[in-house]
Amino acid sequence: MISTKQRFRVPMSGLIVVFLIAAGLTSVEAGGNNEAENDKTGLTGTVSVSGAFALYPMVVLWVDEYTSINPGVRIDVSGGGAGKGMADALGGAVDFGMVSRPVHSEELQQGATAFPVTRDAVVGTLNSAHPAAAEILRKGIDRESLAALFLGTAGGRYSPDEFSVYTRSDSSGAAAMWARYLGAAGQEDLAGTAVSGDPGLLEAVRQDARGIGYNNINYAYSQETGKPYDGIEIIPLDLNGNGAIEKDERFYDNLDAVTSAIAAGDYPSPPARDLFLVSKGVPTNPAALEFLRWVLTDGQAYVEEAGYIRVRQEQLDEAARMLAR
C-alpha cells in the first residue's frame, strides 16, 4: 500500500493520482492487522472521513502519523468536496466530514457539530503564459476586477474577453469562500467553465494560455518545492486598490510566505478560512473520538509541516471541551 505521505507529496505529473483519490474514486486506507502490533496501544476500530479537497492533504498526513502509533485503527479517507463531506456526516455515512467553509444554520439544526482543526486560504491562479501575466504580477488584481471576471459584474481593469475563466463544478468550500470574497452569496454565483475538484481546476488553468481560476493553497503550490506549480502564477491581490503590489502585499512567491501572511492576517478572510472536521453530534465511535482528540492535541505538531496554519489555541481548547461534555 502506498503511504499517505507519498500520496501527499507528489509532483504535478502525479496530480491526477491525487485527484482520483480525493474524488472518491479510491481512498486512503491506513492501519494494521497484526495482533502483536495492536497490543502496543490496545486501540482498535475503524474511522471513516470524506469531503473537502482543502483538508484532504492534511488529514492523510494525520492518518499516516496516527496509525503508525495506533496500528489497530483503520482510517478510510476519501474526497469529493465540502458538500459531500457535510452530506455524508449528516447522513451517517462517515464519522467525519471534511468541511472548508462555515457551517450553515440549517446544517447546525440537523445536528452538525464542527471542530476547527486547521486553517488555510484560497488563492487566484493564472496561466503563466497569459499575455497579461507580467502586468498582473506587477500590479495585482483588485477585488472589483476579479468580480468582473468571475461574477460578470460591470467595471474592472480587464476585459472578460481576455480570459478563460474556470470554476468548480462540485460543491466546494473553496468556491464558496472565493465567491464571498468577491461579494457574492455563494458558489452558484460564480461564472466560468466548471471543473471537478482542486487538481482538475488547476490543470484546466495550466493547460489554457488564457486560463484564470482559484485553488486551495496546498494545490496551487508544490509540496516538493514550495513554489507554484510549473505553468501557474498566483494572482497577487491588490488589497488597497492602488494599481501596484507593494511590499506589504508581496507574499506569494512560496508556500511559507503565503502561510505566514495568512497567519498574520495580512491575507484577507475570506478567502482565508478555518477548516473543520464535522460530525453529527459528538462522535460516539470510540476510535473516531480518540482520533479527533489526537488531532486537536498532538496532531497539531504536523500542521505547519503540511503547509497549513494553526487555528487559535482557544478554538482547540473549546473543541476539546465539547468532546468532554
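What percent does the relative contact order of the chain come to when contacts are Cα pairs within less than 8 Å and at least six residues apart?
24 percent
First check a/c for the chain, with a ≥ b ≥ c the square roots of the eigenvalues of its C-alpha gyration tensor; if it is under 1.5, answer rounded, and if not, answer prolate when a/b is larger than b/c or oblate otherwise.
Note, shape of the chain comes out prolate.
Once a ≥ b ≥ c are taken as the square roots of the eigenvalues of the Cα gyration tensor of the range 283-325, is the result rounded (a/c under 1.5), prolate (a/b larger than b/c) or oblate (a/b not larger than b/c)?
In terms of gyration-tensor shape, oblate.
In nanometres, what is the gap between the two model label sites at Ala185 and Gln207, each 7 Å from Cα along Cα-to-Cβ?
For Ala185 paired with Gln207, the spin-label model returns 3.4 nm.
Quick check: the distance between the Cα centres of the range 68-88 and the range 165-218, to the nearest angstrom?
That distance is 24 Å.
Pick out, in residue order, every one of the trypsin sites (Lys or Arg not before Pro) in the range 210-316 that is DSSP loop and has at most 11 other C-beta atoms within 10 Å; say none if there are none.
Arg312
Counting only pairs 8 or more places apart or on different chains, how many lysine pairs in the chain have C-alpha atoms closer than 24 Å?
Total qualifying Lys-Lys pairs in the chain comes to 7.
Measure nothing fancy, just the Cα-based angle from helix 255-264's long axis to the longest principal axis of the chain, in degrees from 0 to 90, nearest 10.
Around 80 degrees separate the two axes.
Tell me whether the range 121-264 comes out rounded, prolate or oblate; compute the Cα gyration tensor, take square roots of the eigenvalues as a ≥ b ≥ c, and use a/c under 1.5 as the rounded threshold.
rounded
So how far, in whole Å, is the C-alpha centre of the range 109-124 from the one of the range 238-309?
The two parts, judged by their Cα centres, are 10 Å apart.
Output the 0 to 90 degree angle, nearest 10, between the alpha-carbon long axis of helix 56-69 and the longest principal axis computed from the alpha carbons of the chain.
Computed tilt is about 30 degrees.
Could you tell me how many degrees, from 0 to 90 and to the nearest 10, lie between the Cα long axis of helix 313-324 and the main elongation axis, the longest principal axis, of the Cα atoms of the chain?
It is inclined by approximately 40 degrees.
Read-outs throughout are calculated quantities, based only on the coordinates presented, and are distinct from any laboratory measurement. Everything numeric here is computed off the predicted structure, so don't read it as measured data. So basically every Cβ, Gly included, is an ideal-geometry build from the backbone, and we count neighbours across all protein chains shown.
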